[in-house]
Amino acid sequence: MIEESFTTAEGDLVINVGPQHPATHGVLHLVITLNGETIKKVEPHLGYIHRSIEKMSESLTYRQFIYVTSRMDYLSAHINNHACALCVEKGLQIEVPGRAQSIRIIMDELTRIASHELWWGAMSMDLGAFTPFFHAFREREVINEIMEETCGARLTMNYMVPGGVMADIHPNFQRRVKDFITLYKKKIHEYDELITGNIIFQNRMKNVGYLSSEDAIAYGVTGPAGRGSGVSCDVRKHSPYEIYDKLEFDEVLETAGDSFARYLVRIREMNQSVRIIEQLIDNIPDGDFQAKTKAVLKLPKGEFYQRVETARGELGVYIVSEGGTTPYRIKYRSPGFSNLSALDHMARGSKLGDLVAMMGTLDLVIPDIDR
Amino acid sequence: MGLTNEHIKQRLTEKFGDQLINFEEPYGMLTFEAPRELNLKVLNFLYDDEELKFRFMTDLCAVHYPDNKGKELAVVYHLHNLVDNCRIRFKVFAPVEQPDVYTATGLFSAANWMERETYDFYGVNFVGHPNLKRILNVEEMDYFPLRKEFPLEDQSRVDKDDEMFGRG
């Protein structure tokens, strides 16, 4: 039930932002208690698009449940699939061929760039600039076309399967990825010229939504939001999966803890992702793109945990198996859920207009939060 | 990497004796069980101990085992030590008739929403939680949907060829 805005006995105004609001990027409902223009409390109401993916997964086999996870954080679909595939492979002790590992990482990093591009455009639009959205989508479209060519889909790719990837890369793949990198390097300075160095945006983001590193750890904030507060939490560095430990890239850290720090982390992360792709794109090993696996997968009785770094933070997949063809219980630790839980703490005491900047730099994807 | 699983286990046994049971290490993650009255004491110890410092709660969830009489609901904690990059998992079991478990919100702010989610899906009653109400489902709901007594799909369906879905 959504109540209309009202004034409390203390004279505070209680208003609704959402569930349909341009700045919430989906159906998120915030009930905000205001004293004048100052936020006293933010209470997020979630679950408008809850689909109970965890329960659904319990009736799907180990090959099928992976597809549902594309619908969680749809901007990191590859990475979600990757986490589940890794978890199943761990249980079945499947050795993934080198070719598949390289393809997977290139796809993950392309997804990360595409996700950050969309975030950049959408966040700028939240703060009142419309042009950046077109700039971001110009580059993002190129990535989507690469995905479409190789995976057959632009958003929910379902490309990673236990044992490797679904199909081999398209013959044009390497050339088009290299074209994208050339394009990206030519255009990335525009991002800085438009937004990063723009004094109006800096003033709107600096010292807004401060989150200390202690609070980031306490609330379980991970990903670029956590790294903006100086918490070193990049899963790719700290518990490397696939061949991340053999690649050269930096974990981007900022210590300011405000919205601008989170902004800078994401912008620099895109450059690191390009660096990773450059190391791999000419060195994709020959061989199989998928290991030979049984038609029906049965995980041994036990518990399996795998965590990966999505574009929003740490995704944990916890599978409890009783030895059957379907999981007994699956729990997804979605990064957005924990990141959003810190919003109330961040927003208290700041102005209503700054809330949009905070939500923008937390990079909320509602299906990831609601699952 | 100063912290090893053996060392964590040794520290825990020194403190709690034989109250902690079923130590395992599946895929390198130390896993153990604690009595449910002790969950907060164990969490406190893991948080405050100078060597252990498990201060990052990554995950909290429940699992329902309907055949496990008297211990139907398992609450599973995943904790992370950011200094030594080490992770552990521990469980407490509660009966489904009275699933009372102490809340961890005093230690980890992240536990607030995670416990609400666990309550929402499994009905685990976190004693002392400041705001224990449903988070993803509607508040009028009077059942806990992820418990095993709610089957998702009618298994007697005949119109669906299971072979085509890889279940044959």
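Couple of notes before you dig in:
- Remark on the stretch A:1-47: ratio of C-alpha radius of gyration to 2.2 N^0.38 Å is 1.14.
- Calculated mean residue ellipticity at 222 nm for chain B: -6000 deg cm²/dmol, from DSSP H runs with n ≥ 4 weighted as -39500 (n - 2.57), summed, divided by the residue count and rounded to 500.
- Inter-part distance where the stretch B:15-55 and the stretch A:135-163 are each reduced to a Cα centre, Å: 43
- Span from the the stretch A:1-45 Cα centroid across to the the stretch A:236-258 one, whole angstrom: 37
- For the residue pairs B:Lys71/B:Lys148; A:Lys90/A:Lys331; B:Lys9/B:Lys91; A:Lys55/B:Lys91; A:Lys185/A:Lys206; A:Lys301/B:Lys148, alpha carbon separations beyond 23 Å are given by A:Lys185/A:Lys206.
- Expressed to the nearest 5 percent, the antiparallel share of DSSP beta bridges inside the protein assembly as shown is 85 percent.
- In units of the compact-protein estimate 2.2 N^0.38 Å, chain B shows a Cα radius of gyration of 1.19.
- Gain in span if fully extended, A:Asn283 to A:Glu145, counting 0.36 nm per residue against the direct Cα distance: 47.5 nm
- In this simple spin-label model, placing a label point 7 Å from the Cα along the Cα-to-Cβ direction at both A:Ser52 and B:Phe45 gives a separation of 3.8 nm.
- Exposure of B:Glu25 as accessible area (Å², to 10), given a probe of 1.4 Å and all protein chains: 90
- Helix A:98-126 axis, angle to chain A major axis (alpha carbon atoms, nearest 10°): 20
- For B:Thr13 and B:Glu37, the difference between the fully extended length at 0.36 nm per residue and the C-alpha to C-alpha distance is 7.0 nm.
- Shielding by partners - mean other protein chain Cβ count within 10 Å, residues of B:52-60: 5
- Summed over qualifying helices (DSSP H, 4 residues or more, each -39500 (n - 2.57)) and divided by its residue number, chain A shows a 222 nm mean residue ellipticity of -14000 deg cm²/dmol.
- Diffusion coefficient (Stokes-Einstein, Kirkwood radius over C-alpha pairs, 25 °C, 0.890 mPa s) for the stretch B:5-104: 177 µm²/s, rounded to a whole number.
- Separation in nanometres of the label points that stand 7 Å from Cα toward Cβ, at A:Lys301 and B:Glu149: 2.5
- Interface A:B - total buried accessible surface [probe 1.4 Å, Å², rounded to 100]: 3800
- Under 10 Å, Cβ to Cβ, from A:Val365 - net charge with Lys/Arg +1 and Asp/Glu -1: -3
- Counting only Cα atoms, the stretch A:31-138 measures 59, 35, 18 Å along its principal axes, largest extent leading.
- Counting only heavy atoms of the protein chains and using a 1.4 Å probe, A:Thr150 has close to 20 Å² of accessible surface.
- Dipole magnitude (debye, nearest 20) for the stretch B:5-104, charges at Cβ of Lys, Arg, Asp, Glu: 120
- The stretch A:155-306: C-alpha gyration tensor shape, a/c 1.5 cut-off, then a/b vs b/c: oblate
- Take each residue of peptide A:342-348, count the partner chain Cβ atoms within 10 Å of its Cβ, and average: the result is 1.
- The residue among B:Thr118, B:Phe90, B:Leu136 whose Cα reaches farthest toward the positive pole of the charge dipole of the stretch B:83-140, with charges on the beta-carbon of Lys, Arg, Asp and Glu, is B:Phe90.
- Chain A: angle of helix A:352-362 to the longest principal axis, Cα-based, in degrees nearest 10: 10
- Rounded to the nearest Hz, the phi-derived 3J(HN,Hα) couplings of the stretch A:205-214 under the Karplus curve 6.51 cos²θ - 1.76 cosθ + 1.60 (θ = phi - 60°) are 9, 6, 6, 10, x, 6, 10, 6, 5, 4, where x marks glycine and proline.
- Distance between the C-alpha centres of the stretch A:325-371 and the stretch A:113-128: 16 Å, rounded to the whole angstrom.
- Radius ratio Rg over Rh of chain A, counting only Cα atoms, Kirkwood formula for Rh: 0.98
- Surface listing: A:Arg204, A:Arg268, A:Arg312 arranged by accessible area from highest to lowest gives A:Arg268, A:Arg204, A:Arg312, probe 1.4 Å.
- Heavy-atom accessible area for A:Arg138, with the other protein chains in place and a 1.4 Å probe, reaches approximately 80 Å².
- Sorted largest first by accessible area at a 1.4 angstrom probe radius, with every protein chain in place, the residues A:Thr61, A:Thr38, A:Thr182 fall in the order A:Thr182, A:Thr38, A:Thr61.
- The mean of 1/r over all pairs of different alpha-carbon atoms in the stretch A:246-366, once inverted, gives a Kirkwood hydrodynamic radius of 18.2 Å.
- In the stretch A:138-178, the inverse of the mean reciprocal separation of distinct Cα atoms equals 10.7 Å; this is its Kirkwood hydrodynamic radius.
- Here's the picture: charge each Lys and Arg Cβ at +1 and each Asp and Glu Cβ at -1 in chain B, and of B:Ala62, B:Ala104, B:Tyr77 the one pushed furthest to the positive end of that dipole is B:Ala104.
- The ratio of the alpha-carbon radius of gyration of the stretch A:199-262 to the globular-protein estimate 2.2 N^0.38 Å is 1.26.
- Residues A:Lys187, B:Lys69, B:Lys9 ordered from highest to lowest accessible area at a 1.4 Å probe: B:Lys69, B:Lys9, A:Lys187.
- Dipole magnitude (debye, nearest 20) for the protein assembly as shown, charges at Cβ of Lys, Arg, Asp, Glu: 520
The values are calculated or read from the model by the stated rules, or taken from the named source; none is laboratory data. Predicted model only: the values in this text are computed from it and were never measured. Ideal geometry is used to build each Cβ from the backbone, glycine not excepted, and the neighbour counts take in all protein chains shown. Accessible surface is based on the protein model in full, side chains and every heavy atom, while ligands, DNA and RNA are left aside. Shrake-Rupley method; radii C 1.70, N 1.55, O 1.52, S 1.80 Å.
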